[in-house]
1. Which members of region 40-69 meet the condition of being within 16 Å of residue 5 (Cα to Cα), free of Cβ contacts under 8 Å to residues at least 24 places away in the same chain, in contact with a strand residue (DSSP E or B) (Cβ under 7 Å, 6 or more places away or on another chain) and surrounded by 14 or more Cβ atoms within 10 Å (Cβ to Cβ)?
2. Let me confirm something: among 122, 132, which residue is crowded, with 18+ Cβ neighbours inside 10 Å and over 15 Å from residue 60 (Cα atoms)?
3. Within region 22-38, can one find any residue that is surrounded by fewer than 14 Cβ atoms within 10 Å (Cβ to Cβ), free of Cβ contacts under 8 Å to residues at least 60 places away in the same chain and over 23 Å from residue 81 (Cβ atoms)?
4. Quick one: which of 108, 116 is surrounded by 15 or more Cβ atoms within 10 Å (Cβ to Cβ) and in contact with a helix residue (DSSP H, G or I) (Cβ under 7 Å, 6 or more places away or on another chain)?
5. Among what's in region 70-82 and is touching a residue at least 60 places away in the same chain (Cβ under 8 Å) and closer than 14 Å to residue 112 by Cα, pick the residue that is surrounded by the most Cβ atoms within 10 Å (Cβ to Cβ).
6. What number of residues within region 1-39 satisfy the criterion of being in a strand (DSSP E or B) and under 26 Å from residue 126 (Cα atoms)?
7. Looking only at region 41-48, decide whether some residue is modelled with pLDDT of 95 or more, assigned to a loop (DSSP other than H, G, I, E, B) and out of contact with any helix residue (DSSP H, G or I) (no Cβ under 9 Å at 6 or more places or on another chain).
């Protein structure tokens, strides 16, 4: 399938790799279908690209890429909603904010991870209730 994007132009994507947010990204409830686009220049970041809205794409990464200690449990409601049978089915990503012209001030949202079931291709953004994680956790040491 071909996907039109404002950031990457026309992108060819395997329909089997499209996943559906059954619990939406906060603030973007209308967007349900997404793909992950690899960044050719960088293994740390990927793009979470809507297949329905060409202008909607989020840079995403894993906290471990920035040596951030990050552990959490997925609540039973999410496990059931996403039909998770094993930890091996889980892909956990976090949305990154990269300010224009100030990449050194980039942050990662640790409080609301994206959880994808790799088997069913269902996804959800969850909020980690009771966690001390930040929505805007700096990813680079100060002064970099």
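1. Selection gives 50 alone.
2. None of the others qualify; the one that does is 122.
3. Going through region 22-38, the residues surrounded by fewer than 14 Cβ atoms within 10 Å (Cβ to Cβ) turn out to be 26-27, 29-30, 38.
Restricting the remaining residues to those that are free of Cβ contacts under 8 Å to residues at least 60 places away in the same chain gives 27, 29-30, 38.
Checking the rest, the ones that are also over 23 Å from residue 81 (Cβ atoms) come to 38.
Scanning region 22-38 turns up at least one residue that is surrounded by fewer than 14 Cβ atoms within 10 Å (Cβ to Cβ), free of Cβ contacts under 8 Å to residues at least 60 places away in the same chain and over 23 Å from residue 81 (Cβ atoms).
4. On the way: 116 fails: in contact with a helix residue (DSSP H, G or I) (Cβ under 7 Å, 6 or more places away or on another chain).
Going through 108, 116 in turn, just one is surrounded by 15 or more Cβ atoms within 10 Å (Cβ to Cβ) and in contact with a helix residue (DSSP H, G or I) (Cβ under 7 Å, 6 or more places away or on another chain): 108.
5. Here is the first cut: in region 70-82, the ones touching a residue at least 60 places away in the same chain (Cβ under 8 Å) are 70, 72, 82.
Next, from what is left, pick out any that are closer than 14 Å to residue 112 by Cα: 70, 72.
Working: 70: 17, 72: 15.
The qualifying residue surrounded by the most Cβ atoms within 10 Å (Cβ to Cβ) is 70.
6. First pass over region 1-39, keeping only residues in a strand (DSSP E or B): 2-5, 9-12, 19-23, 33-39.
From what's left, under 26 Å from residue 126 (Cα atoms): 5, 19-23, 33-39.
Final tally of qualifying residues: 13.
7. no
This table checks each residue for (1) at pLDDT 95 or above; (2) part of a helix (DSSP H, G or I).
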position	(1), (2)
68	no, no
80	yes, yes
84	yes, no
88	yes, yes
92	yes, no
110	yes, no
115	yes, no
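The values are calculated or read from the model by the stated rules, or taken from the named source; none is laboratory data. None of the values given here were measured: they were computed from a predicted structure. All Cβ positions, even for glycine, are placed from backbone atoms using ideal geometry, and neighbour counts span all protein chains on display.
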